[in-house]
Amino acid sequence: MKFRRFFFLAALLLTPIAAVAQVLPPDAIARFHINEANYYVDVGKYLEAIEDLDTAFEYSQAAAIKAEALSLKANVLSTFLDNSQAAAQEYNNILQNFVATAFYEPAIFQSAMLQYQAGDLNGARTLFQRYMKEFPNGPRATTADFLIDQIAAGTKAPAAEKALGGRAIRIALAESDSLTLESVQPMTVTFADGKTKMVGTAVRITATEIGNETSRVTSNSPIRVEKRTYRGAMLLIPDAGRMRIVNKVPIEEYLYSVVASEVSPSWHMEALKAQAVAARTYAYYHVVHPRSPGKFDVFDDIRSQVYGGYSKEHARVREAVDATRGQILTSGGRVVLAYFTSNNGGTTADPQFVFGTALPYLKANADEYSTTQPLGKWTRKFSVAAVEEALQRAGYDVSAIRGITPLKTCPSGRLVELMVEHTKGRLKLNTRAQFRRAINQYVKPAEQPENLPEILMNISINGDSIEMSGGGWGHGVGLSQYGAKGMAGKGLPYSRILMSYYVNTELTTIY
């Protein structure tokens with residue numbers, strides 16, 4: 001099977017235009033962040049997408065790019081983060097400040113739609129009428145005219161309620177031209193027209209054979225796809241001349257593998273239960289907010305949650321999953337976006353400051369249990385020359401760094417923005433999206449998996465060295481896996497662990 005094309009696309013998007021040290025204009029760097037934001041939306045990392053779009057807006061000097069960043073951010077907020085009010089503010093920014101861009105016309109229409117969906121018929125009518133006046137022949141004029149008539153008749157938009165989802169989940173495994181499927185019992189291929197075909201215990205299937213319709217492969221035993229074995233069925237979905245392999249499996253059985261892949265099965269049972277609920281909640285959020293309707297819900301790796309298939313399962317993890325069966329975290333009756341991180345370094349992060357958008361159930365709180373766990377504290381030391389080269393390779397015009405100072409910190413103490421002082425001037429950077437990325441991508445040799453694990457840190461320059469001392473591993477938002485381990489070791493139940501990380505939420509059993 002060929003290597004996953006998504007990883008190839010990710011590599012393209014995560015690699016700046018400059019393969020070697022080369023100064024890039026601000027708009028080129030902003031374009032990179034917009035491209036990366038689109039990638040993050042595709043893989044369901046909506047908060048990271050917001051962060052990149054804010055960075056693009058801040059860094060760009062072109063009105064068109066700024067307006068594009070605002071428009072994309074509004075779409076993410078309304079479609080994937082259930083925050084229509086914040087989305088309306090972004091569209092309003094376009095209406096007030098970016099009239100001469102291509103994003104002005106859709107901003108009027110989308111603002112009207114948000115008002116209509118919120119039940120503000122007068123506000124929606126005013127904006128739809130404005131659209132018709134300014135763009136009588138616009139691409140959305142027919143719809144705007146129709147909705148004006150609907151509003152005049154007192155017709156409201158249908159309620160946009162998001163169901164909590166079913167009991168199965170679809171995991172994208174790979175894309176391929178052909179693949180071999182094996183099982184200890186005979187398999188059945190069901191085609192789109194309902195016809196079935198018995199194929200024995202091993203079969204080689206090509207994209208040409210499945211044609212333009214989705215096929216389904218089932219067996220009474222787990223199915224092996226190349227090197228891994230999975231429970232459930234395999235969906236073979238046509239995709240641009242190839243086929244996407246999607247594993248459809250009951251969500252509880254999906255969690256048997258996910259929890260065992262995300263944390264050690266040897267951890268305390270209450271920590272495993274907490275991880276099971278967080279992972280189930282995260283999965284259901286993406287079922288409710290699909291990026292690829294009709295195809296799949298999540299990926300099988302760190303783009304979503306790590307899913308290693310049947311071979312990763314463990315008896316203790318199955319026990320933890322079964323003990324929390326059907327339980328997810330909700331807020332106001334809706335499933336929450338249950339981010340989790342490896343270790344928060346002693347305090348959780350508020351996404352409002354780290355990623356640029358607030359979620360009421362994710363706030364900054366002290367966490368004494370994470371500090372003493374692995375990855376709780378760390379120190380990194382680099383030469384000034386190595387940091388200069390990393391920033392240059394990322395496209396920034398930096399020479400002879402003289403100082404790095406905090407510019408913006410958040411309530412958790414994380415360094416959100418910093419200022420690099422050098423002989424050519426001063427350079428303001430987003431710590432996560434720009435500075436940390438440059439360090440992790442370009443400082444060589446990479447002595448750790450990530451040279452700069454978190455932004456909960458202090459930076460000092462001593463002679464020719466730059467020292468960064470901090471704590472945590474990841475983004476710090478939501479449940480700290482090592483913190484949960486520490487809490488469970490002190491006898492705290494999984495419900496208490498979860499409520500300490502996801503405030504004002506409820507444990508809801510959905511089946």
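Read the figures in this text as sums done on the coordinates, not as results from a lab. What you are looking at is a predicted structure, and each value in this text was computed from that prediction instead of being measured. Positions of Cβ are generated from backbone atoms using ideal geometry, with glycine treated the same way; all protein chains shown enter the neighbour counts.
Mean residue ellipticity, 222 nm, helices only, the chain: the sum of -39500 (n - 2.57) across DSSP H runs of n ≥ 4, divided by residue count and rounded to 500, is -11500 deg cm²/dmol. Amide H contacts of Leu415 (H built 1.01 Å from N, in plane; Pro and chain starts excluded): Leu456, Met457 sit under 5 Å, all sequence-distant by 5 or more or on other chains. In plain terms, the chain from Gln185 to Gln85 could stretch by 30.7 nm, reckoned as 0.36 nm per residue minus the Cα-Cα distance. Residues Trp378, Trp473, ranked from the fewest to the most other C-beta atoms within 10 Å, line up as Trp378, Trp473. Close amide H partners of Ile169, meaning residues 5 or more places away or on another chain with modelled amide H under 5 Å apart, are Val249, Ile251.
Using θ = phi - 60° in the Karplus curve 6.51 cos²θ - 1.76 cosθ + 1.60, the 3J(HN,Hα) couplings for segment 68-85 round to 4, 4, 5, 5, 5, 4, 4, 5, 5, 4, 7, 7, 10, 10, 6, 10, 5, 5 Hz; x is entered for Gly and Pro. Couplings 3J(HN,Hα) of segment 243-258, computed from phi: 9, 9, 9, 10, 8, 9, 8, x, 4, 5, 6, 4, 5, 3, 8, 4 Hz, in residue order, whole Hz [Karplus 6.51 cos²θ - 1.76 cosθ + 1.60, θ = phi - 60°; x for Gly and Pro]. For segment 5-152, the ratio of Cα radius of gyration to the globular rule of thumb 2.2 N^0.38 Å stands at 1.17. For Lys377, the residues whose modelled amide H falls within less than 5 Å of its own, excluding neighbours fewer than 5 places apart on the same chain, are Gly472.
Note that segment 489-504 has calculated 3J(HN,Hα) couplings of x, 8, x, 7, x, 4, 5, 5, 4, 5, 5, 6, 9, 10, 6, 6 Hz, one per residue in order, obtained from phi through the Karplus relation 6.51 cos²θ - 1.76 cosθ + 1.60 (θ = phi - 60°); glycine and proline are x. Put in order of Cβ neighbour count within 10 Å, fewest first, the listed residues Thr348, Thr423 become Thr423, Thr348.
Computed over the alpha carbons of segment 168-321, Rg followed by Dmax gives 15.8, 49 Å. I'd like to know how the chain sits against the 2.2 N^0.38 Å rule of thumb: what's its Cα Rg over that expected value? Cα-based Rg divided by the globular estimate yields 1.05. One decimal place: the segment Gln441-Gln117 gains 112.3 nm when fully extended, by the rule 0.36 nm per residue minus the C-alpha distance. Scaled to the globular estimate 2.2 N^0.38 Å, the Cα spread of segment 272-322, given as radius of gyration, is 1.23.
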